[in-house]
Amino acid sequence: MHIASNFVAVESLVARPALRRLPDKDFKTLELSHDPKFVLTGLEIGLSSNCNFHCDYCCAYELNDRSLMTSRRAIEILESVDTLQRVKLSGGEVLIYFDECVRLIEYCTERGLQTQVNSNGSLLNAEKIARLETAGLGCLHVSYNFTRAAEFGAYYKQPEAMFHRIEENIRIAAASRLEVVTETVMFRSTQYRLPEIHHRVHALGVRKHEIQNGIPIEKNDWAEVLSGSEVEQAIENLVANRHPGVALYFSCIDIDPAGNFYPRVMELLTTQQIHFPSCIEGRNQLHIHSNGDVLICELGHAKVIGNVNSGTELKKLLDDKPPALVDFLERRNNDACSCVIRTLAQPAAAH
Ligand SMILES: C[S@@+](CC[C@H](N)C(=O)[O-])C[C@H]1O[C@@H](n2cnc3c(N)ncnc32)[C@H](O)[C@@H]1O
Ligand code: SF4
Ligand code: SF4
């Protein structure tokens, strides 16, 4: 396996005074805030894109490219950015490299950074959940798209026992101090099932449910993306049948400020339980792949705007704004490779 790392001694870098309390762990704080634009407060690190699943919808960059960024190298990169508030570990299934994840979370905790791990939930158990908790992990974000073992097994081509293991892991984690968020992708297979999924995650103990709009991927045979009106109908159906004890986060929803759905979104925000997070990619957040590539957003057709192993300085990137970032921000690309979703700019009074 190729290890994308320059080994240097970083122990000295992590020697910091102990914190009095763990970092704040509120999910989506950055996306729901009014932070100054073009300050790098969030970093998503794809420690490895290797995965034990083969989801049809997967948009992970360079999936299964067999490379791993060690926690040492990741810490080195994090040390170069003093504006950070949150670090997300994603992949692939990063929990394949459990010890590397724990080391990185411990570093972040010590530095006072919020942490999130994105996982399919399949590789955890009670002991590992306890270790993540001890390391100071803020949010464990677990994919959850099917409520029946047979359907899960058929879709993911996994044994049905895997479904029960994931549910059990969600249950154990939800009973811990971790903030557990389940994420459901909104696509053809879940379009009419969102309320059922939503109530099931509540029964598992989850109190925050992210509904992620399905993003078109490079594969041209994935015909499961919903149209704008189907997305709005699915949101209305879920909102009408939602559990009052579970907060909802609708991510990557295209909201035209001059369109009919906008006033409805404003009305839903007044519940304080229904959120439409802003997209902060290329403004406050970047994604780093295990080979050092810096991406604006990993979903869909990722745009590479640098490589930290080839001299790209993360701190400068948002100020310098390479051409691909300018195109992305101005929504100028019509090559089907750049995201054109208009997410909500958070209104001052809403959150
Ligand atoms: C790339 S996965 C990595 C984490 C972990 N392996 C998992 O599946 O949860 C990160 C998140 O992206 C979501 N995702 C993957 N492909 C997507 C797509 N085409 N549209 C929207 N979300 C997608 C997954 O559901 C998951 O929540
Ligand atoms: S969505 Fe997650 S679990 Fe599925 S193949 Fe991609 S990285 Fe793996
Ligand atoms: S760039 Fe597009 S797909 Fe990526 S987070 Fe923002 S709205 Fe979502």
Pick from Thr312, Thr271, Thr343: which is in a loop (DSSP other than H, G, I, E, B) and touching a Gly at 6+ places or on another chain (Cβ under 6 Å)? Thr312
Got at least one residue in segment 23-34 being in contact with a Ser or Thr (Cβ under 7 Å, 6 or more places away or on another chain), modelled with pLDDT of 90 or more and either under 30 Å from Val225 (Cβ atoms) or not hydrophobic (A, V, I, L, M, F, W, C) (or both)? yes
Odd one out for Glu236 among (1) of a type outside the set (A, V, I, L, M, F, W, C); (2) farther than 17 Å from Ile166 by Cα; (3) touching a Lys or Arg at 6+ places or on another chain (Cβ under 7 Å): (3)
Of the residues Leu78, Leu47, Leu84, which is under 25 Å from Ile305 (Cα atoms), assigned to a strand (DSSP E or B) and modelled with pLDDT of 95 or more? Leu47
Do you know which residues across segment 46-77 are within 16 Å of ligand 3 (Cβ to nearest atom) and under 11 Å from His289 (Cα atoms)? Gly46, Ala60, Tyr61
What residue, among those in segment 106-126 that are assigned to a helix (DSSP H, G or I) and either within 26 Å of His54 (Cα to Cα) or in contact (Cβ under 8 Å) with a residue 60 or more places away in the chain (or both), is nearest to the chain's Cα centre (by Cα)? Cys108
Scan segment 64-83 residue by residue and report those that are acidic (Asp, Glu) and under 18 Å from Gly42 (Cα atoms). Glu76, Glu79, Asp82
Unique residue being away from ligand 2 (no atom under 11 Å from the Cβ) and surrounded by fewer than 22 Cβ atoms within 10 Å (Cβ to Cβ) when the list is Thr115, Thr134: Thr134
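The values are calculated or read from the model by the stated rules, or taken from the named source; none is laboratory data. This one's a predicted model, so the numbers in the text were calculated from it and none came from an experiment. Virtual Cβ from ideal backbone geometry, glycine too; neighbours counted across all protein chains shown.
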